[in-house]
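Reading through the structure tokens given below for one structure.
The values are calculated or read from the model by the stated rules, or taken from the named source; none is laboratory data. Keep in mind it's a predicted model, so treat the numbers as computed, not measured. Backbone-built Cβ (ideal geometry, glycine too); neighbour counts: all protein chains shown. Areas reflect the complete protein model, heavy atoms only, side chains present, ligands, DNA and RNA absent. Shrake-Rupley method; radii C 1.70, N 1.55, O 1.52, S 1.80 Å.
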Amino acid sequence: MEKILKDKITIITGAGRGLGEALSYGFAEEGAIICPWDIDEENLTRVAARLESMKRLGKKGNVDITDEKQVSKEMELIESEFGGIDILIANAGILYSYEITEFPEDQWRKIIEVNLTGYFICAKYAARLMKKRGKGVILQINSKSGKKGSYWNSAYAASKFGGIGLTQSMALDLAPFGIRVNAICPGNIFESPLWQESLFQQYAKKWNISIEEVKRKYVEQVPLGRPCTYRDVVNVAIFLASERADYMTGQAINVTGGQEMR
Ligand SMILES: NC(=O)c1ccc[n+]([C@@H]2O[C@H](COP(=O)([O-])OP(=O)(O)OC[C@H]3O[C@@H](n4cnc5c(N)ncnc54)[C@H](O)[C@@H]3O)[C@@H](O)[C@H]2O)c1
């Protein structure tokens, strides 16, 4: 049977680790040709090597998504090598957590810069290439914090709410050109470096409880009774990027085990 994303040229930002890395291999397994982007060169090289061994590496890009010049240059290089792109997954994102009255302005701005402006810049140049061919798919990795405020995470939630406004507006701008724009809003991915290396420890300290208790506290909020996994998100991303979702645009799809329903 033919693979569902066979030979689709796919840029994935923030592909050096975490969900972006998982999306890269998941899309490669479905036949896509991956152009992984990241600012972390060491991780990027590791991911590119694995994609190469799967024979699914397009071109790796050591790109800072907040730098318009770097993004436009890399898009040009990809266009000249592959003739255009089929799919952009805007996944790169950052999070710093502070109570609102203690939030440092520079870190607030940085979150908006990467999570919202970075998404805009990548989508702008991807859409220019897609318009020329009259087709394409843009997918943003958003968050359940794009639908509901998040404790100590004002900047992150603001950036993700903004991402949904941007997704819907671009869906309107680009629909006449055959380009679909959607977002995915995952729940808490316990297997990610974000949780493993930082959030579990932070919350355990803040509430003076064990990491196991932190896990229980978060899972209790999920009707399906387990955390979100990379695979849960990858499955929905493959569907949204494929022709099976041809009639879907401007949507922000929750992948939260029922935790968020709007
Ligand atoms: N981990 C979760 O529980 C969770 C839940 C919901 C949504 N998300 C979203 O999923 C996405 C990926 O999250 P993750 O947990 O895998 O994060 P992560 O920190 O593990 O990975 C993010 C990657 O983005 C890269 N990056 C950061 N700034 C960049 C920039 N300016 N240019 C290019 N690359 C840059 C980093 O180097 C890193 O490799 C984010 O948008 C995040 O908001 C994560």
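Structure above, values below:
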item	result
Filter result (under 17 Å from Tyr96 (Cα atoms) and open to solvent by 50 Å² or more (accessible area, probe 1.4 Å)) within segment 188-227	Leu194, Gln196, Glu197, Gln201, Gln202, Lys205, Lys206
Residue within segment 14-28 that is open to solvent by less than 50 Å² (accessible area, probe 1.4 Å), at pLDDT 95 or above, away from the ligand (no atom under 15 Å from the Cβ) and more than 17 Å from the chain's Cα centre (by Cα) present	no
Leading residue by the ranking (nearest to the ligand (Cβ to nearest atom)) among those in segment 75-94 that are surrounded by fewer than 19 Cβ atoms within 10 Å (Cβ to Cβ) and not small (Gly, Ala, Ser)	Ile94
From Tyr119, Tyr125, Tyr98, residue being within 16 Å of the ligand (Cβ to nearest atom) and either over 24 Å from Ile85 (Cα atoms) or surrounded by fewer than 23 Cβ atoms within 10 Å (Cβ to Cβ) (or both)	Tyr125
Criterion: more than 14 Å from the ligand (Cβ to nearest atom), open to solvent by 10 Å² or more (accessible area, probe 1.4 Å) and touching a residue at least 12 places away in the same chain (Cβ under 8 Å) - qualifying residue of Lys132, Lys144, Lys148, Lys110	Lys132
In segment 46-62, the residues that are more than 16 Å from Thr13 (Cβ to Cβ) and within 14 Å of the ligand (Cβ to nearest atom)	Arg46
Selected residue [at pLDDT 95 or above, assigned to a loop (DSSP other than H, G, I, E, B), open to solvent by 80 Å² or more (accessible area, probe 1.4 Å) and of a type outside the set (S, T, N, Q)] from Met248, Met261	Met261
Pick from segment 159-172, criterion open to solvent by 40 Å² or more (accessible area, probe 1.4 Å) and in contact (Cβ under 8 Å) with a residue 24 or more places away in the chain, ranking: nearest to the ligand (Cβ to nearest atom)	Gln168
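Quick grid of which residues meet (1) assigned to a helix (DSSP H, G or I); (2) closer than 26 Å to Ala171 by Cα; (3) polar (S, T, N, Q); (4) out of contact with any Leu (no Cβ under 8 Å at 6 or more places or on another chain):
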site: Gly84; (1), (2), (3), (4): no, yes, no, no
site: Leu88; (1), (2), (3), (4): no, yes, no, no
site: Ala92; (1), (2), (3), (4): no, yes, no, yes
site: Thr101; (1), (2), (3), (4): yes, no, yes, yes
site: Arg109; (1), (2), (3), (4): yes, yes, no, yes
site: Thr117; (1), (2), (3), (4): yes, yes, yes, yes
site: Ile121; (1), (2), (3), (4): yes, yes, no, yes
